[in-house]
Amino acid sequence: MHALNKNRPFRRIVLASAATVSGMVLLLSLKPHAAPALAAGTPAPTPTSSGSGASPGSTKAPATGTRTVTGDTVQTRWGPVQVRVTIRSGRLTDVTAVTYPTENPRDQEINSYAIPQLRREALAAQSADIDMVSGATYTSTGYKQSLQSALDSAGG
């Protein structure tokens, strides 16, 4: 056996060790996202409503006319999510994300495609029974919960 062939296993071990150490250094140098806010046990703010003369405390939507209701603010791991719905003649005609995570470029990238997709889903389903957006699980969960609270407040 040639002398260089004996050194190859050692060379592989050294290269694997160096790659492992480099990978660990890169992994540990990543900065964590913002600290998660816990919403457990925290009461959500009271939803607001405006529109067809119904009082803010009413829970039934009128059969005709337009009503706009803002859902609860839902605290997610990456930030709050809140939606506002418009109901016209008993149909969900608009859903707007009032608040959603935009702290950093990654949040902005994720929500730039997730929020419009969630809106389309809600308008098509006419309910909060919508599919989650892959890659935006926390935003999707908060969006669905806020949407459901708005629909509950509107009586729809």
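Being aliphatic (A, V, I, L, M) and either open to solvent by less than 50 Å² (accessible area, probe 1.4 Å) or more than 19 Å from ARG77 (Cα to Cα) (or both) is the filter here, so list the residues in the stretch 128-156 that pass it. Correct list: ALA128, ILE130, VAL133, ALA136, LEU147, ALA150, LEU151, ALA154.
Listed here are the residues, each with its yes/no results for (1) surrounded by 11 or more Cβ atoms within 10 Å (Cβ to Cβ); (2) under 30 Å from SER127 (Cα atoms); (3) modelled with pLDDT of 85 or more.
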| residue | (1), (2), (3) |
| --- | --- |
| PHE10 | no, no, no |
| SER17 | no, no, yes |
| LEU30 | no, no, no |
| SER49 | yes, yes, no |
| SER55 | no, yes, no |
| VAL81 | yes, yes, yes |
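The criterion of being more than 14 Å from the chain's Cα centre (by Cα), under 11 Å from LEU147 (Cα atoms) and open to solvent by 80 Å² or more (accessible area, probe 1.4 Å) does not hold for ARG91. Among the residues of the stretch 95-127, those that are assigned to a loop (DSSP other than H, G, I, E, B) and open to solvent by 10 Å² or more (accessible area, probe 1.4 Å) comprise TYR100, THR102, GLU103, ASN104, GLN126, SER127.
The values are calculated or read from the model by the stated rules, or taken from the named source; none is laboratory data. Treat the numbers as computed from the prediction; the structure is a model and nothing was measured. Glycine gets a Cβ as well: all are built from the backbone with ideal geometry, and neighbour counts include every protein chain shown. The accessibility values were calculated without ligands, DNA or RNA, using every heavy atom of the protein model including side chains. Shrake-Rupley method; radii C 1.70, N 1.55, O 1.52, S 1.80 Å.
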